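Report on the following structure.
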Amino acid sequence: MSDLYDEDFTLWTERQAALLRRRAAGELVNDTDLDWQNIAEEIEAVGGNTRRELRNRLARLLQHLLKWHYQPEHRSRSWRLTIRTQRQEIRDLLEENPSLQDKLPKLFLAAYPRGRTYALDETGLLDLPQDSPFTVEQALGDPLEND
């Protein structure tokens, strides 16, 4: 089964899912057909992908909050929409994955340097703070000025 994992991942996932469903339904399946090691690794990878998505959304949110805060003369509907969208997507991720709430402060700290870099690259501002001027609560919930 590991050969199939390396050769055709999609087919491997379909076969493994079918075997797991049959086993869950009480059917006897050959345990050697189940690729336990890779199944476990893939389940762990899904959790990692969700954490990465949250961190990336936080970085995008922080990028736009920095631009909003430090370039008020350039505020746009697009920035406002990005901030609202990222906030909603982050809330949805946290609702669907409640255990991420405990990881949020650490992910927020990890996301800030990336969001800062994105904002610097886009705006050319050189005076953005090294540490986030926003708390997690402010980033996720404070209404925007002139909202």
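The values are calculated or read from the model by the stated rules, or taken from the named source; none is laboratory data. Quick caveat: nothing in here was measured; it's all calculated off a predicted structure. All Cβ positions, even for glycine, are placed from backbone atoms using ideal geometry, and neighbour counts span all protein chains on display. These accessible areas exclude ligands, DNA and RNA; they are computed on the full protein's heavy atoms, side chains included. Shrake-Rupley method; radii C 1.70, N 1.55, O 1.52, S 1.80 Å.
Among the residues of region 34-66, the ones that are of a type outside the set (S, T, N, Q) and open to solvent by 60 Å² or more (accessible area, probe 1.4 Å) come to 9 in all.
Quick one: is P72 touching a helix residue (DSSP H, G or I) at 6+ places or on another chain (Cβ under 9 Å) and either closer than 30 Å to T135 by Cα or among the polar types (S, T, N, Q) (or both)? In short, no. Selection of first residues in region 82-93 that are touching a residue at least 40 places away in the same chain (Cβ under 8 Å) and of second residues that are open to solvent by 60 Å² or more (accessible area, probe 1.4 Å), restricted to Cβ pairs under 9 Å at least 6 apart or on distinct chains, gives the following pairs, ordered by first then second residue: L93/E53. Among residues of region 106-117 that are touching a residue at least 40 places away in the same chain (Cβ under 8 Å) and more than 19 Å from I83 (Cβ to Cβ), those with a beta-carbon under 9 Å from a residue that is open to solvent by 10 Å² or more (accessible area, probe 1.4 Å) and not hydrophobic (A, V, I, L, M, F, W, C) at least six positions away or on a different chain give the pairs A110/R55. Within region 72-104, being of a type in the set (S, T, N, Q) and surrounded by 15 or more Cβ atoms within 10 Å (Cβ to Cβ) holds for T82, Q86, N97. The number of residues in region 97-147 being hydrophobic (A, V, I, L, M, F, W, C) and farther than 15 Å from L62 by Cα comes to 2.
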